[in-house]
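The block underneath contains the structure these notes are about, expressed in C-alpha cells.
The values are calculated or read from the model by the stated rules, or taken from the named source; none is laboratory data. Note that this is a predicted model, so its numbers are computed, not measured. Glycine gets a Cβ as well: all are built from the backbone with ideal geometry, and neighbour counts include every protein chain shown. When the accessible area is computed, the model is the full protein with side chains, heavy atoms only, and any ligands, DNA or RNA have been set aside. Shrake-Rupley method; radii C 1.70, N 1.55, O 1.52, S 1.80 Å.
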Amino acid sequence: MSGIVGADDGVSAADTDRQASASRIVVSAFGAVVAFAGLEHGVGELLQGPVTPTSWAIESWPNAAAFEILAGEPAMTIVPNLLVAGVLTIVVSLLFGAWAVSFVHRSGGGLVLIGLSVALLLVGGGFSPPIIGVVLGVAATRIGAPSTRQPGPILSAFAPLWPWALGIGIAAYLGLFPGLVLLSGVTRVADAAVYGLAGTALLAMLLALVAARGADRRRSS
C-alpha cells in the first residue's frame, strides 16, 4: 500500500512541477493571446453572414475602417460559408485557449496545441495566430523534459529575464489589438507602429520561451 501511495505522490509531484514551470507559464500566457486573436477573427467572419468567399484567401474585417491599419485582418478558410467559418473559428479558438491554459503541460499537450493551430489556420483564424500557436506547441513539448546539465553561460544569463520578456511580449500583442485598432479610430496610426509592435511581440515571445527553458533547466539540474 505504501508503495502505491508513494508512486501516486511521485506522479502528482511531477505533474505539479510541470504545471509550475516557467515554460508552461509562458506557453499558457501567449496561448491565451493566440486564442484572443483567433476569437477576433472569428467574430469578424461571423458578422459577414452566410456569404460564400470568392477564394480561400479572405479578410476577417473587410469593411471595418478601424481594421484598415491591420489590412482587414487577412486569413484563409476551407469553409465555403463565412458564417460557419466564423463559428468554427470561435470554437477552435476557445478550445485552443482552454488547452493552452489548463492542459498543455500534460503528456502530448504540445502536439495537441499544434493540431489545434493547424485547425485554426484552416477554418479562418488568420495567419499569425496559428503560426505562433505552432511555435508554442513545439516549445510545450519540452515542458517537464528532464535535464542533467546546467544551461550554458549565455542561457543562464537570459534565464532570469523570462518574466520581463513575457510581460513585454503580451503588452506588444495587446498593443496591436485592441490597442492600434482603438487608436486608429481617433487618430492616424503610422504603418511603422504595426511593424514595430509585431516585431517586438515576436522577439519578446521567442526570448521568453528560450529564457524560460533556461530557468527550468537550472531548476531541474
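Per the listing 125, 196, 167, 137, the residue uniquely within 23 Å of residue 35 (Cα to Cα), small (Gly, Ala, Ser) and touching a Leu at 6+ places or on another chain (Cβ under 8 Å) is 137. When we screen 155, 122 for residues that are within 26 Å of residue 174 (Cα to Cα), part of a helix (DSSP H, G or I) and either touching a residue at least 12 places away in the same chain (Cβ under 8 Å) or not hydrophobic (A, V, I, L, M, F, W, C) (or both), the only hit is 122.
So for segment 208-220 (the condition being open to solvent by less than 70 Å² (accessible area, probe 1.4 Å), assigned to a helix (DSSP H, G or I), of a type in the set (Gly, Ala, Ser) and over 19 Å from residue 20 (Cβ atoms)), does at least one residue qualify? Checking segment 208-220: not a single residue is open to solvent by less than 70 Å² (accessible area, probe 1.4 Å), assigned to a helix (DSSP H, G or I), of a type in the set (Gly, Ala, Ser) and over 19 Å from residue 20 (Cβ atoms).
From 61, 99, grab the single residue that is out of contact with any Lys or Arg (no Cβ under 6 Å at 6 or more places or on another chain), under 16 Å from residue 128 (Cα atoms) and of a type in the set (Phe, Trp, Tyr).
Details: 99 fails: under 16 Å from residue 128 (Cα atoms).
After ruling out the rest, the residue left standing is 61.
The test for being assigned to a loop (DSSP other than H, G, I, E, B), in contact (Cβ under 8 Å) with a residue 12 or more places away in the chain and touching a Ser or Thr at 6+ places or on another chain (Cβ under 9 Å) holds for residue 72. The single condition among (1) open to solvent by 50 Å² or more (accessible area, probe 1.4 Å); (2) not in a helix (DSSP H, G or I) that residue 105 does not satisfy is (1).
Per-residue answers, yes or no, for (1) surrounded by fewer than 23 Cβ atoms within 10 Å (Cβ to Cβ); (2) not in a helix (DSSP H, G or I):
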residue: 23; (1), (2): no, no
residue: 26; (1), (2): no, no
residue: 31; (1), (2): no, no
residue: 38; (1), (2): no, no
residue: 41; (1), (2): no, no
residue: 46; (1), (2): yes, no
residue: 51; (1), (2): yes, yes
residue: 54; (1), (2): yes, yes
residue: 63; (1), (2): yes, yes
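Restricted to segment 75-102, and to residues there that are assigned to a helix (DSSP H, G or I) and of a type in the set (Gly, Ala, Ser), the residue that is farthest from residue 48 (Cα to Cα) is 102. Filtered by the rule that a residue be more than 14 Å from residue 205 (Cβ to Cβ) and either in contact with a Cys (Cβ under 6 Å, 6 or more places away or on another chain) or open to solvent by 40 Å² or more (accessible area, probe 1.4 Å) (or both), segment 116-153 gives 118, 121, 122, 127, 141, 142, 144, 146, 148, 149, 150, 153.
Go over the candidates 178, 160 one by one and state the one that is part of a helix (DSSP H, G or I) and open to solvent by 70 Å² or more (accessible area, probe 1.4 Å). First the steps, then the outcome.
Numbers: 178 fails: open to solvent by 70 Å² or more (accessible area, probe 1.4 Å).
Of 178, 160, the one residue that is part of a helix (DSSP H, G or I) and open to solvent by 70 Å² or more (accessible area, probe 1.4 Å) is 160.
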